[in-house]
Amino acid sequence: MSFQAYLDNIQARTGKSAADFRAMAAERGFTEAGSLRKGVKAGVVLEWLKDEFELGRGHGMAIVAMLKGEKPGADGR
């Protein structure tokens, strides 16, 4: 599955776009200056995504990668 397919699937399942997840992560203090804040562990983000959106590890790690700016969608598209 391509990275974009993960993002599309996440949006279909949750109704939330990449930009929505970036905004929610910022509200929770997970990001700073548009990137995952130093010291924030992936496990904390994965737990939030599992608890609130029922996302599994694969989809959660796609969001983590996006928040780190490692994959397309980091700009919210």
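The values are calculated or read from the model by the stated rules, or taken from the named source; none is laboratory data. Every value quoted in this text rests on a predicted model; they were computed, and no experiment measured them. Cβ coordinates were reconstructed from backbone atoms using ideal geometry, including for glycine residues, and neighbour counts include every protein chain displayed.
Based on what the data block shows, is residue 71 loosely packed, with under 12 Cβ neighbours inside 10 Å and either modelled with pLDDT under 95 or part of a helix (DSSP H, G or I) (or both)?
no
Restricting region 18-36 to residues that are assigned to a loop (DSSP other than H, G, I, E, B) and within 19 Å of residue 47 (Cα to Cα), which is nearest to the chain's Cα centre (by Cα)?
Ranking the qualifying residues of region 18-36, first place goes to 30.
Mind listing just one residue for me: the one in region 19-47 that is more than 12 Å from residue 62 (Cβ to Cβ) and among the β-branched types (Val, Ile, Thr) and, of those, surrounded by the most Cβ atoms within 10 Å (Cβ to Cβ)?
So, considering only residues that are more than 12 Å from residue 62 (Cβ to Cβ) and among the β-branched types (Val, Ile, Thr), the one surrounded by the most Cβ atoms within 10 Å (Cβ to Cβ) is 31.
If you check 50, 16, which single one turns out to be surrounded by 14 or more Cβ atoms within 10 Å (Cβ to Cβ), in contact (Cβ under 8 Å) with a residue 24 or more places away in the chain and basic (Lys, Arg)?
16
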